[in-house]
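The values are calculated or read from the model by the stated rules, or taken from the named source; none is laboratory data. Keep in mind it's a predicted model, so treat the numbers as computed, not measured. Cβ coordinates were reconstructed from backbone atoms using ideal geometry, including for glycine residues, and neighbour counts include every protein chain displayed.
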Amino acid sequence: MQMLIENRRARAEYTIVETFEAGIVLSGPEVKMLRLKRGGLVGAHVRVMQDEAVLLNAQIPAYPYARQEEYDPKRTRKLLLHKHEILKLKQSQETKGSAIIPLSIGISHGFMKVKVAIARGKKQYERREELKKRDLAREVERVTKKRMK
C-alpha cells in the first residue's frame, strides 16, 4: 500500500492489538486532495453505527478547483469492511479500554484504503519507557558510527 497520510500520534498513544484494511467512500475532490497528501487523521476515530463502520473527524480540506458549496472537511465517511470484521470492531467498541483508530490512508491497487486498528491506550509510564528505549538505541547507533570511522 502506498502511504499518503499517516496518523503518527496513534502509535505513540496506543498499543496496536489488531489491524484491518478498509475501503473508504470518498467524493472526487477528496480523492484529489488525498493524492496531494493533504489531510489529517489526528483525533479521528472509527465507530460502528447500525452495522456500518464510519470514520469520524478525519480532516480532508476542500479541493481549491472544485465547487466548495457546503463542503464539510470533517464529515463522516463510510468504511467498507467484511461483515466479520465489522462484528469484531463492534465487539471491541463495547469493550472498555479499547479504541478503534485509523492508522493511515493510502492507495492499494488503485483504490483508496484506510488502515484501521483496534488499540489500547498506553499509560504515561509506558510512553516514557518507549522514549527511553528509542533514545538509548539512537545513542548506541551514534557510538557505533563513530567507532567505524
Checklist entry - For the stretch 19-28, which residues satisfy the criterion of being out of contact with any Asp or Glu (no Cβ under 7 Å at 6 or more places or on another chain) and either surrounded by 15 or more Cβ atoms within 10 Å (Cβ to Cβ) or within 30 Å of residue 128 (Cα to Cα) (or both)? => result 19, 21, 22, 24, 26
Item to check | Residue list for the stretch 69-82, restricted to those being surrounded by 12 or more Cβ atoms within 10 Å (Cβ to Cβ) and either farther than 24 Å from residue 100 by Cβ or of a type in the set (Phe, Trp, Tyr) (or both) | outcome: 71
Checklist entry - If residue 130 satisfies every condition in (1) of a type in the set (D, E, K, R); (2) in contact with a helix residue (DSSP H, G or I) (Cβ under 9 Å, 6 or more places away or on another chain); (3) touching a residue at least 60 places away in the same chain (Cβ under 8 Å); (4) exposed (fewer than 14 other Cβ atoms within 10 Å of the Cβ) but one, which is the exception? => result (4)
Checklist entry - Identify, please: which residue in the stretch 100-116 is among the aliphatic types (A, V, I, L, M) and more than 12 Å from the chain's Cα centre (by Cα) and is, among those, surrounded by the fewest Cβ atoms within 10 Å (Cβ to Cβ)? => result 107
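Per-residue answers, yes or no, for (1) in contact (Cβ under 8 Å) with a residue 60 or more places away in the chain; (2) in contact with a strand residue (DSSP E or B) (Cβ under 6 Å, 6 or more places away or on another chain); (3) surrounded by fewer than 17 Cβ atoms within 10 Å (Cβ to Cβ); (4) part of a strand (DSSP E or B):
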{"site": "11", "(1), (2), (3), (4)": "yes, no, yes, no"}
{"site": "17", "(1), (2), (3), (4)": "yes, yes, yes, yes"}
{"site": "30", "(1), (2), (3), (4)": "no, no, no, no"}
{"site": "43", "(1), (2), (3), (4)": "no, no, yes, no"}
{"site": "48", "(1), (2), (3), (4)": "no, no, no, yes"}
{"site": "63", "(1), (2), (3), (4)": "no, no, no, no"}
{"site": "67", "(1), (2), (3), (4)": "no, no, yes, no"}
{"site": "86", "(1), (2), (3), (4)": "no, yes, no, no"}
{"site": "93", "(1), (2), (3), (4)": "no, yes, no, no"}
Checklist outcome for this item: When the stretch 70-108 is checked residue by residue, the ones that are within 19 Å of residue 35 (Cα to Cα) and β-branched (Val, Ile, Thr) are 105, 107
Checklist outcome for this item: Exception for residue 33 within (1) farther than 30 Å from residue 123 by Cβ; (2) within 11 Å of the chain's Cα centre (by Cα); (3) not hydroxyl-bearing (Ser, Thr, Tyr) falls at (2)
Checklist entry - If you scan the stretch 59-104, which residues turn out to be polar (S, T, N, Q) and either out of contact with any helix residue (DSSP H, G or I) (no Cβ under 7 Å at 6 or more places or on another chain) or modelled with pLDDT under 90 (or both)? => result 59, 68, 76, 91, 92, 93, 95, 104
